[in-house]
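Below is one structure, written out as C-alpha cells; the observations come after it.
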Amino acid sequence: MTRTDQLRDRTDPFKGGRSGPRRKVLISGASIAGPALAFWLNRYGFAVTVVEKAGTLRDGGYPIDVRGTALEVVRRMGILPRLQDAHIDSHRITFLDGDGGKVASLNPHTVAGSAAGRDLEVRRGDLTDALYAAVRDDVEFLFNDSIDTLDQSEHGVDVTFRGGGRRTFDMVIGADGMHSRTREFVFGPEEQFHRYLGYCFAVFTMPNTFGLSHEVMMWNTPGRAAAFYAVGDSDEVHAFLNFAQPEPPFDAFRNPEAQWDLLACAFADAGWEIPGMLAAMRDADDLFFDGVSQIRMPRWSSGRVALVGDAAYAPSFLTGQGSSLALVGAYMLAGSLADRDHAAGFAAYEHNTREFVTVNQEQVGEGDAALFPTTARALEKRNDMLRNLSAMPPAEGRPAHSALTLPEFMTMT
C-alpha cells in the first residue's frame with residue numbers, strides 16, 4: 001500500500017474514511033498554482049479534476065523565479081532536483097541608455113534581490129512540466145475545456161463545462177490567472193480588484209542575432225523599456241517591451257490589434273533595436289500582452305469556491321514573486337483543507353497565508369518599479385543607483401521571500 005493509499009484509508013469525517021466518498025474538487029487552470037494544488041490535494045485524499053482551456057500545457061515561456069519559501073514547497077514535492085538541473089544561471093544584466101550606450105553591468109541577483117546559489121530561475125515551461133509530471137498519473141485533467149457556469153448550494157457546486165458536460169463537486173478552486181473567469185463568476189468584475197501599477201508590457205520570442213548568452217540587455221528612456229533575455233546559448237531570445245500608460249487599457253487585453261497599436265504608438269520614435277523588435281513582434285506566434293498590475297481582494301473565498309495564485313493575489317512581475325506565491329498558496333490551501341470542511345479550511349488558508357502575500361505584494365513599493373522611471377530626472381537617479389550597485393556583491397535574498405515558514409500539515413502514516 002502506498003503512502004497516499006494509507007492516507008486515503010484513514011477514518012476521517014470529511015473524506016468518509018474507508019467506506020465514505022472522497023471529497024471532489026475541481027481546479028480551473030493548469031499553469032502553476034493549479035497542478036501544485038492538485039498534487040497536495042491528491043496527497044490528502046481528495047478526488048481532483050483540473051480543467052484547462054488550452055489544448056495542452058504551455059511550453060517555453062519567459063523565465064520565472066522560484067525563491068525563498070517556495071523552494072521548500074518544491075523540495076517537499078520532490079521536484080527540486082529537476083528544477084535545479086533546469087536553472088538558467090544568468091551571468092549579467094546590462095543597462096543601456098537611449099542611444100544604446102552602456103550604463104552599468106550587474107550580477108542579476110543584485111538587481112532582483114534573489115539569493116545567489118539558492119534561488120532558482122527556470123523557463124516557465126520547465127516548471128509547469130515538472131508540476132504536471134508529478135501529478136498527471138493521479139489527477140484527472142480536462143484540456144481544451146473550461147467552466148461555463150457555476151451554481152452553488154449547501155450540498156456542492158454544480159458545474160456546466162463549455163464542452164457540454166455537467167458535474168457536481170464539493171469545492172471549486174480558481175487557479176486561472178489574473179484575469180480569472182472563476183473569480184468573475186463568483187466575486188464580480190475584475191476591475192474592482194485590479195490594482196494597476198501604471199505600465200503595460202509585451203513579451204515574445206525572436207531570433208538571437210546579437211550573440212547574447214546567459215544574459216539580459218535592457219534599454220531605457222523615460223517611460224519606456226526594452227530588453228533581450230538570452231536563456232543559455234539559444235538561437236532565440238525573449239524580447240520584452242514595457243511602457244508607461246496612465247490608465248489600464250482593458251479593451252486591449254483581449255484584442256491583439258489594439259495591443260499592436262498601443263505598442264507601435266509608444267515606441268514609434270525609439271531607436272536602438274526597437275524597430276526590429278516591433279517587426280519581429282508582428283510575426284511572433286507567442287506574443288503575451290498585459291498590464292503591470294496586482295490583484296487585491298478582501299477575501300479569497302465565497303461559499304464552496306476559493307481562489308489561489310494570481311487569481312487571488314497576483315503580485316505583478318515587478319516583484320518577481322508570482323510563481324513563488326502560487327506554489328506557496330497552493331501548499332497552504334491544500335493543507336488547510338486536509339482535515340477541515342471547506343468553510344474552516346478556506347478561513348485557515350487565508351488567515352495563515354495573507355500576511356506572506358501582502359508583504360510580497362508590497363515589494364513594489366520598495367524600489368522595483370524604479371527600474372522603469374517615467375521622467376528624465378528619475379531615470380538619471382536610477383542610473384546612478386545602478387552604477388553604485390555594480391560594485392556590490394550579489395544579494396543574499398530579500399526577507400519577504402522567506403517570510404513564511406511552511407507548517408507541517410496532516411502526516412501520512
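Would you mind telling me which numbered condition in (1) modelled with pLDDT under 95; (2) part of a strand (DSSP E or B); (3) among the aromatic types (Phe, Trp, Tyr); (4) open to solvent by 30 Å² or more (accessible area, probe 1.4 Å) residue 204 fails?
All conditions are met except number (4).
Name the residue that is farthest from residue 287 (Cα to Cα), counting only residues in the stretch 211-247 that are open to solvent by 30 Å² or more (accessible area, probe 1.4 Å) and in contact with a helix residue (DSSP H, G or I) (Cβ under 9 Å, 6 or more places away or on another chain).
222
With the requirement that a residue be closer than 28 Å to residue 344 by Cβ, of a type in the set (S, T, N, Q) and touching a Lys or Arg at 6+ places or on another chain (Cβ under 8 Å), what does the stretch 137-159 give you?
Of everything in the stretch 137-159, just one residue is closer than 28 Å to residue 344 by Cβ, of a type in the set (S, T, N, Q) and touching a Lys or Arg at 6+ places or on another chain (Cβ under 8 Å), namely 152.
Every residue, every condition in (1) touching a strand residue (DSSP E or B) at 6+ places or on another chain (Cβ under 7 Å); (2) under 30 Å from residue 114 (Cα atoms), yes or no:
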{"site": "31", "(1), (2)": "no, yes"}
{"site": "45", "(1), (2)": "no, no"}
{"site": "54", "(1), (2)": "yes, no"}
{"site": "63", "(1), (2)": "yes, yes"}
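Consider the stretch 26-63. How many of its residues are closer than 27 Å to residue 232 by Cα and open to solvent by 20 Å² or more (accessible area, probe 1.4 Å)?
8
For the stretch 287-329, enumerate the residues that are assigned to a helix (DSSP H, G or I) and not polar (S, T, N, Q).
Residues satisfying the conditions are 310, 311, 312, 313, 322, 325, 326, 327, 328, 329.
Each row is one residue, and each column tells you yes or no for (1) surrounded by fewer than 20 Cβ atoms within 10 Å (Cβ to Cβ); (2) in contact (Cβ under 8 Å) with a residue 12 or more places away in the chain; (3) more than 28 Å from residue 45 (Cα to Cα).
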residue	(1), (2), (3)
118	yes, yes, yes
126	no, yes, no
135	no, yes, no
146	yes, yes, no
150	no, yes, no
154	yes, no, no
160	yes, yes, no
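For the stretch 269-286, state whether one or more residues are open to solvent by less than 10 Å² (accessible area, probe 1.4 Å), touching a strand residue (DSSP E or B) at 6+ places or on another chain (Cβ under 9 Å) and assigned to a strand (DSSP E or B).
No, the conditions are met nowhere in the stretch 269-286.
Scan the stretch 397-411 for residues that are assigned to a helix (DSSP H, G or I) and closer than 12 Å to residue 118 by Cβ and jot them down.
Taking the stretch 397-411 as the starting set, the residues that turn out to be assigned to a helix (DSSP H, G or I) are 399-402.
Selection gives 401, 402.
Hey, among the residues in the stretch 210-220 that are out of contact with any Pro (no Cβ under 9 Å at 6 or more places or on another chain) and touching a residue at least 12 places away in the same chain (Cβ under 8 Å), which one's farthest from residue 109 (Cα to Cα)? Walk me through how you get there before you give the answer.
Filtering the stretch 210-220 for residues out of contact with any Pro (no Cβ under 9 Å at 6 or more places or on another chain) gives 210-214, 217-219.
This time we only want the ones that are touching a residue at least 12 places away in the same chain (Cβ under 8 Å), so: 210, 212-214, 217-219.
Values: 210: 23, 212: 19, 213: 17, 214: 13, 217: 15, 218: 15, 219: 19 Å.
Among them, the one singled out is 210.
Can you tell me which of 114, 105 is within 17 Å of residue 229 (Cβ to Cβ) and open to solvent by 30 Å² or more (accessible area, probe 1.4 Å)?
On the way: 114 fails: open to solvent by 30 Å² or more (accessible area, probe 1.4 Å).
None of the others qualify; the one that does is 105.
Specify the residue that is farthest from the chain's Cα centre (by Cα); the eligible residues are those in the stretch 77-135 that are assigned to a helix (DSSP H, G or I) and among the β-branched types (Val, Ile, Thr).
110
The values are calculated or read from the model by the stated rules, or taken from the named source; none is laboratory data. Just so you know, these numbers come straight off a predicted model, no measurement behind them. Positions of Cβ are generated from backbone atoms using ideal geometry, with glycine treated the same way; all protein chains shown enter the neighbour counts. Quick note on the areas: whole protein, heavy atoms, side chains included, nothing else; ligands and nucleic acids left out. Shrake-Rupley method; radii C 1.70, N 1.55, O 1.52, S 1.80 Å.
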